[in-house]
Amino acid sequence: MIVDADATDAIKAEYLDAILLPYTRSAYPSVARVLRTPFYDEWCGRGDELAQHAEELGPRIVAEVLRGEGHAYVPFAGQSAGLVADVQPAADIVRRVVAEADAILRGLQVDTPSSLRA
């Protein structure tokens with residue numbers, strides 16, 4: 001879903017605090033952003049009604065998240081989702097970042113510590 005999304009697809013989900021733990025700390029108030037799902041379409045703008053179903057829906061959503069299926073309900077994604085073009089193994093990303101940093105440092109004629117060389 002994130003690969004196919006652009007920045008405008010990450011929409012504020014103000015209704016979520018009615019059934020899940022608060023998204024942010026009180027000192028830094030924020031509203032979670034999610035990608036649109038049938039769950040979002042059903043409950044968006046109906047936070048008060050959703051709160052009445054919190055005892056039923058909250059644990060069900062948490063269980064789905066723990067099973068790896070949370071994306072069907074609340075696929076959390078910020079506006080940076082528009083920058084995601086593909087899915088890669090973390091090790092490949094780290095190797096690429098290290099190689100790029102090494103190339104930049106070599107261009108600046110700065111010695112790269114041996115522990116950072118790929």
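Any read-out appearing in this document is the output of simple, stated calculations on the displayed coordinates, not a laboratory observation. Just so you know, these numbers come straight off a predicted model, no measurement behind them.
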*With an 8 Å cut-off on Cα pairs and a minimum separation of 6 or more residues, tell me the relative contact order of the chain in percent.*
32 percent
_(1) 18.4, 53; (2) 19.9, 63; (3) 16.6, 51, with the label sought being that of the calculated Rg and Dmax of the Cα atoms in Å_ = (2)
*By how many degrees, between 0 and 90 and to the nearest 10, does the Cα long axis of helix 90-107 differ from the longest principal axis of the chain?*
40 degrees
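For segment 28-92, what mean projected area does the convex hull of the alpha carbons give, in nm²?
Working: hull surface 25.9 nm².
Result: a mean projected hull area of 6.5 nm².
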